[in-house]
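Scroll down for the structure; my scribbles are underneath it.
The values are calculated or read from the model by the stated rules, or taken from the named source; none is laboratory data. Values in this document were obtained by computation on a predicted structure and should not be read as measured data. Cβ atoms come from the backbone with ideal geometry, glycine included; neighbour counts cover every protein chain shown. Ligands, DNA and RNA are stripped out before the accessible areas are found, and what is left, the full protein with its side chains, is counted by its heavy atoms. Shrake-Rupley method; radii C 1.70, N 1.55, O 1.52, S 1.80 Å.
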Amino acid sequence: MSFTLPEYRAPRFDRFPSCPDVRLEPAPRDGVAPEGYHATSIFPEYFKVDGRWLLAEESRMDCVAVLRKGKIAVVEFRNLKAGEPVAVGRTEDGSQGIYVHAGGFQPEETAGQETFAFRQGRSRETAYSMDYDSIYELLRYEREHGYIVWVLGPACAFDADARAAFAALVREGYVHALLAGNALATHDLEAGYLRTALGQDIYTQRSQPNGHYNHIDTINAVRARGSTAAFIESGAVKDGIIYECVKGGVPYVLVGSVRDDGPLPEVYASVYEGQDAMREQVRRATTVICMASTLHTVATGNMTPSYRVVNGVVRPVYFYSVDISEFAVNKLRDRGSLSVRTIVTNVQDFIVNVSKGVTG
């Protein structure tokens with residue numbers, strides 16, 4: 001069965017023609033929004049300007065809507081400039097010239113739909129067979145028509161089979177961008193360089209003598225070469241996730257955390273520079289799959305809207321959060337990313353299954 005994007009049903013603005021234009025107030029100074037500013041959500045939002053409803057085409061939650069060059073730009077507070085016209089209003093029904101359209105991709109409601117049913121949540125008891133089938137179809141479609149962004153925690157590189165499986169996904173074109181921290185890249189490179197991850201053999205999981213040195217020895221060796229690409233080109237590493245990204249020209253964004261050691265030369269030390277680099281990829285994303293990294297998953301989720309405008313067409317952004325911990329996958333939903341699909345499973349198994357499903 002081939003994958004088909006759901007059709008977007010735009011709002012019927014002719015149903016409320018008396019709605020006023022949105023009120024625009026100048027930002028009082030750099031980085032400060034005017035009183036009563038409107039905070040954006042993950043859903044498509046329309047703003048009435050000079051009698052026309054304008055869709056914010058590149059959105060993210062918890063930002064402000066600014067009129068720039070005749071279009072609605074969604075801007076982080078820190079990037080707001082003094083004097084810019086900011087949308088003001090805290091209703092979302094059009095009465096203040098702001099309309100939030102949460103149901104654009106929902107199918108028409110069916111008559112007689114039950115209001116009570118068991119096991120509607122997502123937990124360790126959920127059967128995920130259909131999810132896997134859907135992901136296989138989605139990835140095959142998105143490889144040719146979309147932009148697939150993966151967010152990886154270090155556990156994805158701890159196992160030899162999972163590491164090889166994800167490398168195959170990169171090699172076969174199912175990864176258009178990778179977002180991670182210092183640890184994922186470090187332990188993946190350590191696996192290629194010394195066959196360990198955090199000092200443990202990546203196949204047997206047995207700790208090696210003086211293995212606690214291995215990850216920092218790897219960082220040091222990379223820093224001595226000046227860059228990860230130069231380290232790989234030297235032949236020190238001949239396989240793995242970062243190896244395939246470098247060889248295939250797949251962008252990877254590594255954003256550091258306070259606890260990082262080293263770190264690798266490419267790791268962003270500035271949180272906001274790292275956020276900007278992540279958002280550059282997220283702006284293009286049509287599918288996002290996050291695995292085993294609560295920190296980077298929540299960060300990415302808070303930047304990702306539920307929709308994307310591609311060639312003038314509004315389409316959904318598919319967002320998955322995969323983790324062995326129910327807490328980890330549910331935390332993202334608690335932070336406002338309501339469109340996320342959660343899968344509670346071991347991420348190593350998930351990677352291997354997905355890779356076999358689309359490349360095998």
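Other residues within the sphere of radius under 14 Å centred on the Cβ of residue 5, judged by their own Cβ, net out at 0 (K and R +1, D and E -1). In terms of its Cα atoms, region 293-360 spans 37, 33, 15 Å along the principal axes, sorted from long to short. Cα-based radius of gyration for the chain, normalised by 2.2 N^0.38 Å, reads 1.08. Given R₀ = 22 Å, FRET efficiency for residue 284-residue 16 by Cβ-Cβ distance, to 0.05? Working from the Cβ atoms, E equals 0.10.
Calculated from the alpha-carbon coordinates, region 1-72 shows an Rg and a Dmax of 15.1, 54 Å respectively. Excluding same-chain neighbours fewer than eight residues apart, the lysines reachable from residue 247 by a Cα-Cα span under 30 Å are 238, 356.
Placing R0 at 35 angstrom, the Cβ-Cβ distance between residue 341 and residue 217 gives a FRET efficiency of 0.35 after rounding to 0.05.
A cut-off under 14 angstrom between Cβ atoms defines the neighbours of residue 217, and their net charge, with Lys, Arg +1 and Asp, Glu -1, is +1. Residue separation of residue 266 and residue 325 scaled by 0.36 nm, minus their Cα-Cα distance, works out to 18.3 nm of gained length. Mean residue ellipticity at 222 nm, helices only, the chain: -9500 deg cm²/dmol; runs of at least 4 DSSP H residues each add -39,500 (n - 2.57), and the sum is divided by the number of residues. Of the candidates 144, 172, 76, which one comes out as most mobile in a Gaussian network treatment of the chain with C-alpha springs shorter than 10 Å? For the chain, modelled as a Gaussian network with Cα springs under 10 Å, the answer is 144. Give the distance, in whole Å, between the Cα centre of region 291-360 and the Cα centre of region 140-156. Here the answer is 10 Å between Cα centres. Residues of region 273-317 falling in the label zone of residue 52, defined by backbone nitrogen less than 19 Å from a point 7 Å along Cα to beta-carbon, are 309-314. When the surface is traced with a 1.4 Å probe over the full set of protein chains, residue 130 keeps roughly 150 Å² accessible. When 23, 15 are compared by accessible surface with a 1.4 Å probe, the order from highest to lowest is 15, 23. Would you please state which residues of region 134-171 a label at residue 356 would reach in this model, taking the label point 7 Å out along Cα→Cβ and a backbone N cut-off of under 17 Å? Label zone hits: 134-137, 159-169.
Rolling a 1.4 Å probe across the protein heavy atoms gives region 267-360 an accessible surface of 40 Å² per residue. In this calculation the C-beta distance from residue 132 to residue 62 is compared with R0 = 30 Å, giving a FRET efficiency of 0.40. Residues in region 253-267 carry Karplus couplings, in order, of 10, 10, 10, x, 10, 4, 8, 4, 9, x, x, 4, x, 7, 5 Hz; the curve used is 6.51 cos²θ - 1.76 cosθ + 1.60 with θ = phi - 60°, and Gly or Pro positions show x. Please report, as a whole percent, how much of the solvent-accessible surface of the chain comes from carbon and sulfur atoms (probe radius 1.4 Å). Here carbon and sulfur together make up 48 percent of the probe-accessible area. Note on the chain: GNM, Cα springs under 10 Å; of 255, 322, 271, the largest mean-square fluctuation is that of 271. In plain terms, the chain is cut at each of the chymotrypsin sites (Phe, Trp or Tyr not before Pro) found in a DSSP loop with at most 13 other Cβ atoms within 10 Å, and the longest leftover piece is 204-360. Angle of helix 347-359 to the longest C-alpha principal axis of the chain, folded into 0 to 90 degrees and rounded to 10: 80°.
Amide H to amide H, with H built 1.01 Å from N, residue 320 comes under 5 Å of 288, 289, 290, 341, counting only residues 5 or more places away or on other chains.
Surface calculation, 1.4 Å probe, protein heavy atoms: residue 176 sits at approximately 40 Å² accessible.
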